[in-house]
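Visitor: Sending over a structure as structure tokens; questions will come in a sec.
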Amino acid sequence: MAKLPPGFSLPAIRIESALSEGRTGDALKMVVDILRSGTADAVVQGIAANMLKPPKRGRGRQKALPQFWYDIGQDFHDLRSRGHLYEAVLAKLAGKYGFSETHVRNAVRIFDEAKAEHDEATRD
């Protein structure tokens, strides 16, 4: 039988699953039970350490999506499908939403990426 990789831990998978589902109470109970039993491996100990003292967040503001990206993206593609020119649509939406044309371009890019990701995920 093949040897498991060194970072593999079955209890850690269950704990991380509970954390990702937002069940921190259940995850904490699992960590405490494993630590008390004395069978905690290095991965579970690392999770316990992160729960006691979380790692520092990065500096600066977190990236945010452009405001009204969904509405701008829908309006952009609607106007383009009706035959309006690209530059005219950018100018019209910039005026309608009160943002710069760069903001509109970024919002359309985010919309297109999200749509492509959704289409890929739902493709059978």
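Since every read-out is calculated from the coordinates, none of them should be taken as a lab result. Predicted, not measured: the structure shown is a model, and the values here were computed from it. We place every Cβ from the backbone using ideal geometry, glycine too, and count neighbours over all the protein chains shown.
Visitor: Ranked by Cβ crowding within 10 angstrom, fewest neighbours first, how are S9, S17 ordered?
Guide: So the ranking, lowest neighbour count to highest, is S17, S9.
Visitor: Would you tally the net charge around D33, using a Cβ to Cβ cut-off of less than 15 Å, leaving D33 out, and scoring K and R as +1, D and E as -1?
Guide: Values: positive: R14, R23, K29, R36; negative: D26, D41.
After counting each charged neighbour, the total is +2.
Visitor: Taking 0.36 nm per residue of sequence separation and subtracting the Cα-Cα distance, how much length would be gained by fully extending the chain between A114 and D71, in nm to one decimal? Kindly include the intermediate steps, with their values, before the conclusion.
Guide: Details: separation 43, 0.36 × 43 = 15.48 nm, distance 1.29 nm.
That pair, A114 and D71, stretches by 14.2 nm at full extension.
Visitor: In the chain, with Lys and Arg counted as +1 and Asp and Glu as -1 at Cβ, which of these residues, A48, W69, L10, has the Cα nearest the positive end of the dipole, that is, farthest along it?
Guide: Sorting the options by dipole projection puts first A48.
Visitor: Given the peptides 26-39, 109-122, arrange them by the average over their residues of other C-beta atoms within 10 Å, most packed first.
Guide: Details: 26-39: 14.2, 109-122: 11.6.
Highest-to-lowest ranking by the protection proxy: 26-39, 109-122.
Visitor: To continue, here is another question. If the viscosity is 1.002 mPa s and the temperature 20 °C, what Stokes-Einstein diffusion coefficient in µm²/s follows for the chain when Rh is the Kirkwood radius over Cα pairs?
Guide: Values: Rh = 18.9 Å.
Rounded, D is 113 µm²/s.
Visitor: To the nearest 10 degrees, how steep is helix 42-52 against the longest Cα principal axis of the chain, on a 0 to 90 scale?
Guide: 70
Visitor: Which residues does the label zone of A64 cover in the stretch 91-124, counting backbone N under 19 Å from a point 7 Å along Cα→Cβ?
Guide: Residues 97-111 fall inside that zone.
Visitor: Of all GluC sites (Glu not before Pro) in the stretch 1-89, which ones are in loop regions per DSSP and have a Cβ with at most 13 other Cβ atoms within 10 Å?
Guide: Details: sites: E16, E21, E87; in loops: E21.
Those that pass, being in a loop and sparsely packed, are E21.
Visitor: Can you pull out the chymotrypsin sites (Phe, Trp or Tyr not before Pro) in the stretch 1-97 that DSSP calls coil and that have at most 13 other Cβ atoms within 10 Å?
Guide: Sites meeting the loop and neighbour criteria: F8.
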